[in-house]
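The values are calculated or read from the model by the stated rules, or taken from the named source; none is laboratory data. All figures in this text were calculated on a predicted structure; none of them were measured in a lab. Heads up, the Cβs are rebuilt from the backbone with ideal geometry, glycines too, and the neighbour counts pull from every protein chain shown. When the accessible area is computed, the model is the full protein with side chains, heavy atoms only, and any ligands, DNA or RNA have been set aside. Shrake-Rupley method; radii C 1.70, N 1.55, O 1.52, S 1.80 Å.
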Amino acid sequence: MNLRSGFPLASFAWFTVALAGLLFAWGPGHASGSDTIKRPDTDTFLAGVRAYEAGDYAGAVEAFSDLVARGYGSGPLYFNLGNSHLKEGHLGHAILWYERSLKLMPGNADLLYNLDYARALTRDEVDEPEVPLGRIIFFWKYRMSRPSVQVVSLLFWLAFWALLGVKRIHRGSLLRAGAVLTGFLGVLFVSTAFYNYYEERYSRDAVIVGEEVGVRAGTDEGATELFRLHAGTFVEARRSEAGHTLVSFTKDRVGWVPEHDVELIRGP
Amino acid sequence: MSVMISETRRSMKFVCLLSVLVFSLAGACEAEALSVRALVDRNRISEQESIELRIVMTDGEGEVDVSVIKDFNVAFRGRSSSVRIVNTQMTREIHLLYALTPLRSGSLVIPSLEVRSGNEVVRTESVTVEVNRQAAARTGGGGDLLMLASVSEARPWVGQEIAYTFRLLAGVKVYSARYQRPSFEGFTVKDLDGQKEYSTVLNGRQYSVTEVTYLLTPIRANSLMIEPGVLTCEVADVSRQARPRSPFGSLFDDPFFSGRRTVARSVRSESIPVTAKALPEYKGKRPFSGLVGSFSLAASLEGKEVRVGDSVTLTLTVEGRGNVPDAPEPEFRRPDGVKIYPDNPEESVTHDTTGTNGRKLFRFAIIPVEEGLVTLGPFAYTVFDSKAGEYRELETGAVTLRVQPPLGGMATAVPSPGQSAGESRFRPKRRVLRTGQDILSIHRDLDVLKRSPQIALPFFTVGILFPPLMYFTFLGFSRARQKTVSARVQMAARARSLLNDARAAEKSGSVQDATSLLHRALVSTVFAAAGRTGESLTYDETRALLKDAGISGEETGQLVSLLMKTDEIRYGGASAGADLAGLLEETSKVIRSTTGRRAR
């Protein structure tokens, strides 16, 4: 008989990390499906690249759009689609796809350059320039891609609980400081990750894709035209009915546009 | 009888009160038709003054159409409501206030105004107001507020900037001022940031002056009229001022805090005629640049010598007063033997009451493709000098560039040892110019088709819930186990302590005490083995506890046998002598084996 008073928290940290590793290995795979690329899809992609290089931008748009319709979704693919649209003269669609790409690779220098270029071509001046205060305070949200935020938040979260476990056996100010720091960062990044999920599902940010769109007071053709918006302008799409979408450009510029002239950045 | 009369009176009083209450409520609930009135504070004013129009709607509220008022400039000032109860009749009134500024002198009419409430339409009576050209004397100081407007040039050329300045001269304190600027039809308008504030004395009276300036540019040749600007505000009503100035400074000087009585005032400036003159017909050979004002042109080359394939920057600077930002790229002869790439123009302008001042730089990257002498220019620009009233040719001389042959195989700029300063291959740093405009190209490798590894929300949620769940599960287990371990440790320590006491008692010859302590030490050992605490046990309980604790049958028998022996010595009255010493030794061994080394 042994009365040794062993405490299992020492192994808790290792156990947690091991299981979390399994979760990581399993989760992303299940989230995005298999990464197997089918031969016809690679052919379509290469056809799109060839079309772009040959100056057949309509063909490139068709090929890359086809891949998106087949379920492929990555920052570079959206970037290619944005480029093809821009070369084809579809400014609104170009900015739309660049914005979608930006969600997946926010720090990509090529993307930011092309997006700036495209934005410079838009015609509508925003009355109230965007206040970058939110971007300064929550800088990590705008500098890190959504997958990165998810991984980092899980790591900080795990580290926090593991340190709490170890702290029960070995007391020390360093452990305490580590637990406080990882706890703070964990909560920050977990909140950001959940906000990103929320935004991905419910954001109403949209882009005008029609070349020039009359914004009317109602959904019928006879409704008074209140103002006009041009391709690439950002709006908030509030709701849709009768084939039209109620958009808000600024607080005092609100009206209805045909549904096909505006697209949500998060996708349909 | 008197009791009956008293009760009857009491009942009568109650009925009367009830009747009053019911009639009051009925009166209050009675639906009255909407009625409206139009009231003005004065019927006779000067052209520089304004009147207050008050639309009073009784027993209802509707939309007032003031668009029919053509002789006045109309500014909405606010809305208020009040409830009055007169003779059990409740009346609710809505007041809409407008400040009306006359647009001309004469007998002006505020026409009957339509007020629409649902399907019901009611009208006000029309009101006539006499407007005189001369300023009317008015109690409270008709000259308290003056609004003056002026332009820097009454006969500008089309495209020439002029400054429109309005000054508000206030001899009294002004609250809630709102300025409605003229529409400036026929001009493009640039607001100058900020406003000037200073004091001045006019006709022996001190005024605080607020000055705002706009830069106007006539778009086409025409006789234009700048309409009056209108300022509406509130000023202290000197005649009804209730209390002295607040000692708490400007915050509590606000009528909202101070409770000071104020009156609404409105002043307007004079209309100003401006004649925009057409530019004279241009007969020059070069195209007209469109610049109107006073300008100069300069050309500079970054260096006079360059090697084939290297670039050098040519800068053309247009500088002066006028519409500098509109300056187009100067045209010049482009010689053979060089490639020329224009960069984005760079502007540096300021706006003040004299107009737009500054310069616009046009940079070109010049890349020679063959050696020899290259002449760039001359550079010329046609502008319209608004002061002289004529076109001017701005010219600079040509610049010459000597093109040297390329450095063959001398790509590195590091001079070799012993190389003289004149042969140095270090080159001065130059501004990098943009030579084209395009987006960066697409991604071509197949990694593009790899999906971004996002974690689905359910998996992410599980990942977040998992660590705290694990932590608290293990914490629960460990606490339960800690409790058991504590009982074991406690009882084992007690067994050892009692054994030591028993030894001491045996040495002192106290057999009864020694056996009693020995018995308790054995019982504590049993409890320690079971992970529980307690004081006494029967033999059967001992066997059951040890069995539950997983103690072998042999060990259990040994413990029970020792318990029996101690009981025999304690209660049997047997001589303990050598038996007690043996018993102590045997008990010590059993305690050691049962509670383990850690418990020792």
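Structure values in brief
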{"item": "³J(HN,Hα), Karplus 6.51/-1.76/1.60, whole Hz, each residue of region A:231-239, x for Gly, Pro", "result": "3, x, 7, 7, 9, 9, 8, 7, 7"}
{"item": "Accessible area buried between chains A and B, both sides summed, probe 1.4 Å, in Å² to nearest 100", "result": "5600"}
{"item": "q = 0.15, 0.17 Å⁻¹, region B:63-198: log10 I(q)/I(0) [Debye, one scatterer per Cα]", "result": "-1.09, -1.24"}
{"item": "18 Å reach of a label modelled at A:Arg171, 7 Å along Cα-to-Cβ, counting backbone N of region B:456-480", "result": "B:479"}
{"item": "In range of the label at B:Glu153: residues from region B:367-396 whose backbone nitrogen is under 18 Å from the point 7 Å along Cα→Cβ", "result": "B:382-394"}
{"item": "Simple spin-label estimate for B:Tyr539 and A:Arg239 in nanometres, 7 Å along Cα-Cβ", "result": "8.7"}
{"item": "Label-reachable residues, region B:144-168, where backbone N falls under 13 Å from a point 7 Å from B:Val201's Cα toward its Cβ", "result": "none"}
{"item": "Cα-centred dipole magnitude for region A:163-268, charges only on beta-carbon of K, R (+1) and D, E (-1), debye, nearest 20", "result": "1340"}
{"item": "Distance from region B:519-547 to region B:28-107 (C-alpha centre basis), Å", "result": "100"}
{"item": "Shielding score for A:42-53, defined as the mean number of other chain Cβ atoms within 10 Å", "result": "2"}
{"item": "Among A:Ala120, A:Met105, A:Ser153 the positive-end extreme of the charge dipole of region A:93-217 (Cβ point charges)", "result": "A:Ser153"}
{"item": "Charge context of B:Ala514, other residues only, Cβ under 15 angstrom, K/R +1, D/E -1", "result": "-3"}
{"item": "Other-chain or far-sequence residues with amide H under 5 Å of B:Met90's (modelled H)", "result": "B:Ala28"}
{"item": "Difference of contour (0.36 nm per residue) and Cα-Cα distance, B:Arg44 to B:Arg481", "result": "147.4 nm"}
{"item": "Under Karplus coefficients 6.51, -1.76 and 1.60, residue-wise ³J(HN,Hα) of region A:163-175 in Hz, glycine/proline x", "result": "5, 4, x, 5, 5, 6, 9, 9, 8, x, 5, 5, 5"}
{"item": "Charged-residue dipole, Cβ positions (Lys, Arg, Asp, Glu), region B:494-544 about Cα centre, Debye nearest 20", "result": "200"}
{"item": "Theoretical FRET efficiency, 1/(1+(r/R0)^6), r = Cβ-Cβ of B:Lys277 and B:Val189, R0 30 Å, to 0.05", "result": "0.95"}
{"item": "Sequence ranges A:236-249, B:48-61, B:516-529, ranked by mean other-Cβ count within 10 angstrom, highest first", "result": "B:516-529, B:48-61, A:236-249"}
{"item": "Largest-first ordering by accessible area, 1.4 Å probe, given options A:Tyr202, B:Tyr98", "result": "A:Tyr202, B:Tyr98"}
{"item": "Inter-probe distance in nm under a simple model that places probes 7 Å from Cα toward Cβ, at B:Arg307 and B:Asp579", "result": "11.9"}
{"item": "Reciprocal of mean inverse Cα separation for region A:151-268 (Kirkwood radius, Å)", "result": "17.4"}
{"item": "Table column - 3J(HN,Hα) (Hz), region B:194-199, Karplus curve with 6.51, -1.76, 1.60, x for Gly and Pro", "result": "x, 9, 8, 10, 7, 10"}
{"item": "Sites B:Glu125 and B:Glu395, calculated FRET efficiency, Cβ-Cβ separation with R0 60 Å, nearest 0.05", "result": "0.25"}
{"item": "Difference of contour (0.36 nm per residue) and Cα-Cα distance, B:Lys339 to B:Gln404", "result": "21.9 nm"}
{"item": "Cα-projected label distance for B:Ser497 with A:Arg135, points at 7 Å along beta-carbon direction, nm", "result": "7.2"}
{"item": "Within region B:158-211, GluC sites (Glu not before Pro) in DSSP loop having at most 14 other beta-carbon neighbours inside 10 Å", "result": "B:Glu185"}
{"item": "Solvent exposure of region B:448-600 as accessible area per residue, Å², 1.4 Å probe", "result": "52"}
